[in-house]
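Participant: Dropping the structure in here first, questions after.
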Amino acid sequence: MKFITKHPDSTLLGIFILCTVFIFRNVIFFHKVPFPGNLLVSFYQPWISYPQGGYPHGPAAKPIGFDTLRSFYPTRTLVTDSVKSGALPLWNPHSFSGNVLLGAYQSAVFFPLGFLFLLFSQIDAWSAIIILSPIFAYIFTYLFLRELKLTRKASFFGAITWAFSGIMIVWWEEMFMAVYSILTLPIVLFAIERLLKKTTVGPFIILVGGIAASVFSGWFQATFYLVTFSVVWLVFRLLSQKKKSFMRFVFIVFGFLTGALVSGIQLVPGLEAYVLSSRGSTDTKVMFAQFFAGLTQLVTFLAPDYFGNPATHNYFGTSFYHEQVIWIGIPALIFVLYEMLHVFRSPGVSRFFTTSAIVTLSLGFSLPTSWAILYSLRLPFVSEMTPSRIFFLSGFCFSVLAGMGVDRLVKKGSWRPMALVFLA
């Protein structure tokens, strides 16, 4: 009890780790792997043509995570083998007549946790990286919410909401690089908050490291979201200060530029590969038509599998399941709505995240404004990105608002709205 009293933050982290262990219990205790290896024998020749012992009706087939099996996992094998042999992984001789490897970006050659692949077997390192992703997401979000002066209970709730949000969970299976490219967002925002108060070395290093880690994690779209959102947050916080410090603003911008410079070893070949590819000259209208979410998708805020699930072969949605996940949990949704009810009487931070959540959510739906901004303007990179993946940002904003809703309730001292949560 004394430890809990003296170290409440560590206690909450311990509780979260226990939750993570429970969720990944089959991996940790029963030697399962968070990898869709079943697809190899369920969908591809020659394995599909051979009877599988113990499976009279064929092995279990859960059609999700194909890209991991066909692309990301083999690419990681190629990267690891190249590094172990002492060669810089620049070229992939097995794709087409040869293709870039370092410049492919999602090969994530400089991924911060890539050293695990050198210490352990690839599947064990892969599993460990996935298990660690919600822990990092929780820690970074908790620190940011505490920096916003939320109570520990509220910060814990907001952090666990983001770490175990629907979009984070489905992308563990699909591509862990996406999760790691976006999970540094709250720690970058944390560093900005600290630097706006005082220009010290620690937060500056965190800012640079957060940006570089996002780049090195191998998913440019998430890094683009992270940088854009962080810059908007920086401008908002600077304008909301009574005593505006231009020098602190310049110092933070220098941190962004330093992060880009540090990660230039990945950005430069990635940009070169993009310029030499046909990506920028391809009309993406068909992709936008397929991946924009319909307004009916809003029902999944309440029932995430309303349109079925690929794991049970009953999915009838308009796009891939993992591309349109907006679910954050019923309790979190209740607190988000509770906070939104007070938005006009709330500090600017609450209004910022409410506005950001609504705007980013709307940009993932098939609306005239979404088509105009993301497709018709023909913006570099933006008009070639899968549009619904912006739900990563809206999911984060909703998680922050959920924490703020809990914070408001705790500080108000009235627990009657909590009955709604227990009913949910």
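Participant: Which percent of Cα pairs goes in each bin when the distances of the range 193-289 are cut into 10 angstrom slices starting at zero?
Facilitator: 14, 38, 28, 15, 5
Participant: Based only on Cα atoms, what Rg/Rh ratio does the range 205-359 have, Rh being taken as Kirkwood's radius? Write down the numbers at each step before the final one.
Facilitator: Working: Rg = 19.9 Å, Rh = 19.3 Å.
Rounded to two decimals, Rg/Rh equals 1.03.
Participant: Sticking with this structure for a sec: As an exercise, identify the chymotrypsin sites (Phe, Trp or Tyr not before Pro) in the range 66-129 lying in DSSP coil whose Cβ has no more than 14 other Cβ atoms within 10 Å.
Facilitator: Answer by residue number: Phe96, Phe115, Phe120.
Participant: Hull surface divided by four, with the convex hull built on the Cα atoms of the range 64-166: how many nm²?
Facilitator: 8.4 nm²
Participant: Using a Cα-Cα cut-off of under 20 Å, which aspartates and glutamates could be cross-linked to Lys285, ignoring same-chain neighbours fewer than 8 residues away?
Facilitator: Within reach: Glu323, Glu384.
Participant: Related question: If you average the sequence gap of Cα pairs under 8 Å that are 6 or more apart and divide by the length of the chain, what percent do you get for the contact order?
Facilitator: On the way: 542 pairs, mean separation 71.5, N = 424.
Dividing the mean separation by the residue count of the chain yields 17 percent.
Participant: Output the pairs from Lys197/Lys412; Lys149/Lys411; Lys153/Lys412; Lys153/Lys197; Lys242/Lys412; Lys244/Lys412 with a Cα-Cα distance over 21 Å in this structure; if there are none, say none.
Facilitator: Lys197/Lys412; Lys153/Lys197; Lys242/Lys412; Lys244/Lys412, as the Cα separations exceed 21 Å there.
Participant: Give me the net charge for the shell around Val406: Cβ to Cβ below 12 angstrom, other residues only, Lys and Arg +1, Asp and Glu -1.
Facilitator: +3
Participant: Can you give the direction-averaged projected area of the convex hull of the alpha-carbon atoms in the range 1-153, in nm²?
Facilitator: The orientation-averaged projected area of the Cα hull of the range 1-153 comes to 13.9 nm².
Participant: Over the chain, what lengths in whole Å, largest first, do the semi-axes of the equivalent ellipsoid take, defined as the square roots of 5 times the eigenvalues of the alpha-carbon gyration tensor?
Facilitator: Each semi-axis is the square root of five times an eigenvalue, giving 34, 27, 24 Å.
Participant: Taking R0 as 35 Å, what FRET efficiency do you get between Ile123 and Phe246 from their Cβ-Cβ distance, rounded to the nearest 0.05?
Facilitator: FRET efficiency, Ile123 to Phe246: 0.10.
Participant: For the range 129-208, treating each Cα as an identical point scatterer without solvent, what Debye log10 I(q)/I(0) comes out at q = 0.20 1/Å?
Facilitator: Listed by q, the Debye log ratios stand at -0.85.
Participant: Hey, how many Å between the Cα centroid of the range 6-43 and the Cα centroid of the range 142-165?
Facilitator: If we compute the Cα centre of each part, the gap is 20 Å.
Participant: Give the Kirkwood hydrodynamic radius (Å, one decimal) of the range 130-276, defined as one over the mean of 1/r across all pairs of different Cα atoms.
Facilitator: By the Kirkwood definition, the hydrodynamic radius is 15.8 Å.
Participant: Moving to a separate point now. Would you please report the Å³ per residue occupied by the convex hull of the alpha carbon atoms in the range 272-386?
Facilitator: 148 Å³
Participant: So if the hydrodynamic radius of the range 261-320 is defined as the Kirkwood radius over C-alpha pairs, what does Stokes-Einstein give as its diffusion coefficient at 4 °C and 1.567 mPa s, in µm² per second? Mind showing how you got there, number by number?
Facilitator: Values: Rh = 15.0 Å.
Answer, rounded: 87 µm²/s.
Participant: Let me ask something additional. Per-residue counts of other Cβ atoms within 10 Å, averaged by peptide: what ranking do you get for 379-392, 284-297, highest first? The partial results should precede the final answer.
Facilitator: On the way: 379-392: 19.1, 284-297: 16.1.
So the peptides 379-392, 284-297, ranked by packing, come out 379-392, 284-297.
Participant: Spin-label point model (7 Å from Cα, Cβ direction): what's the Phe66 to Leu379 distance in nm?
Facilitator: In this crude spin-label approximation the distance works out to 3.0 nm.
Taken together, the values in this text are just the output of simple stated rules run on the coordinates, not laboratory data. None of these values were measured; they are calculated from a predicted model. Neighbour counts run over all protein chains shown; Cβ positions are idealised from the backbone, glycine included.
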